[in-house]
Amino acid sequence: AQSVTQPDIHITVSEGASLELRCNYSYGATPYLFWYVQSPGQGLQLLLKYFSGDTLVQGIKGFEAEFKRSQSSFNLRKPSVHWSDAAEYFCAVGQVGEKLTFGTGTRLTIIP
Amino acid sequence: EAGVTQFPSHSVIEKGQTVTLRCDPISGHDNLYWYRRVMGKEIKFLLHFVKESKQDESGMPNNRFLAERTGGTYSTLKVQPAELEDSGVYFCASSQVGMGETQYFGPGTRLLVL
């Protein structure tokens, strides 16, 4: 069965510092991978996705993620966080035209 | 282009009552998904429509949940009768067949059953 693990429930980072959110997955086939963000009071917004090709994927808001097949990981990174990045981040895996399987989410707090 | 919309944004009901949630997908999107997040847990899949047909309803928790998508446009999810454990945030997502199938999510409906 497919699963997604986000080992960090809550992360606190200083504004301007770098960020890495971890995501590991278990999936039988080559997966499609996604990162979504949910800001307070908002819905889920797609940050980036990986379908195939270059394993380093660029997304919106300065985020990037790297697909590492050997480690079954798809970690999200940002070189310098802004206060507006405070939100909850979800990693998800799926296939074309099928349901997504989500991790439990990582809540990001930014301190000045 | 309008995004996925959901109504209501919040609902507070008593145990045993009925609630109906509505989702309007992005125009032209044949795929429509329902998901639910119970507090502190992961977002879990409930079911998937392709146009008006149920493609996958493996995530529906029990027969108190009924989803419909008449005419292949908007969808409703009815919970009858509601139980305490049904509280959570219900998300709807839609995607267009053949366009990378990226799922676009609505803002969610926050349901509280007392």
Residues that are over 26 Å from A:Gln2 (Cβ atoms): list the strands (runs of 3 or more DSSP E) wholly contained in segment B:43-114 that include at least 2 such residues. B:65-68, B:75-79, B:109-113
Identify, from the list B:Thr102, B:Thr76, B:Thr109, B:Thr5, the residue that is within 12 Å of chain A (Cβ to nearest Cβ) and within 10 Å of the chain's Cα centre (by Cα). B:Thr109
Return yes when B:Gly3 is in contact (Cβ under 8 Å) with a residue 12 or more places away in the chain and open to solvent by 30 Å² or more (accessible area, probe 1.4 Å) and no when it is not. yes
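Given the options B:Val89, B:Val97, name the one that is among the β-branched types (Val, Ile, Thr) and either out of contact with any Asp or Glu (no Cβ under 8 Å at 6 or more places or on another chain) or under 19 Å from B:Ser11 (Cα atoms) (or both). Talk me through it step by step, then tell me what you get.
Working: B:Val97 fails: either out of contact with any Asp or Glu (no Cβ under 8 Å at 6 or more places or on another chain) or under 19 Å from B:Ser11 (Cα atoms) (or both).
Selected residue: B:Val89, the only one of B:Val89, B:Val97 that is among the β-branched types (Val, Ile, Thr) and either out of contact with any Asp or Glu (no Cβ under 8 Å at 6 or more places or on another chain) or under 19 Å from B:Ser11 (Cα atoms) (or both).
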Residue among A:Leu100, A:Leu76, A:Leu108 that alone is within 23 Å of B:Lys41 (Cβ to Cβ), at pLDDT below 95 and either buried (at least 16 other Cβ atoms within 10 Å of the Cβ) or touching a Cys at 6+ places or on another chain (Cβ under 7 Å) (or both): A:Leu100
Taking B:Tyr33 as meeting all but one of (1) open to solvent by 20 Å² or more (accessible area, probe 1.4 Å); (2) in a strand (DSSP E or B); (3) not small (Gly, Ala, Ser), write down the number of the exception. (1)
Residue within segment A:46-54 that is open to solvent by 20 Å² or more (accessible area, probe 1.4 Å), at positive phi, away from chain B (no Cβ under 14 Å) and out of contact with any helix residue (DSSP H, G or I) (no Cβ under 8 Å at 6 or more places or on another chain) present: no
Scan segment A:69-112 for residues that are in a helix (DSSP H, G or I) and hydroxyl-bearing (Ser, Thr, Tyr) and jot them down. A:Ser70, A:Ser84
So, in segment A:49-83, of the ones that are polar (S, T, N, Q) and without any contact (Cβ under 8 Å) to a residue 40 or more places away in the chain, which residue ends up nearest to B:Tyr104 (Cα to Cα)? A:Gln58
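The values are calculated or read from the model by the stated rules, or taken from the named source; none is laboratory data. Keep in mind that this is a model prediction, so the values were computed, not measured. Cβ sites come from the backbone with ideal geometry, for glycine too, and all protein chains shown count toward neighbours. Accessible surface areas use protein heavy atoms only, side chains included; no ligands, DNA or RNA. Shrake-Rupley method; radii C 1.70, N 1.55, O 1.52, S 1.80 Å.
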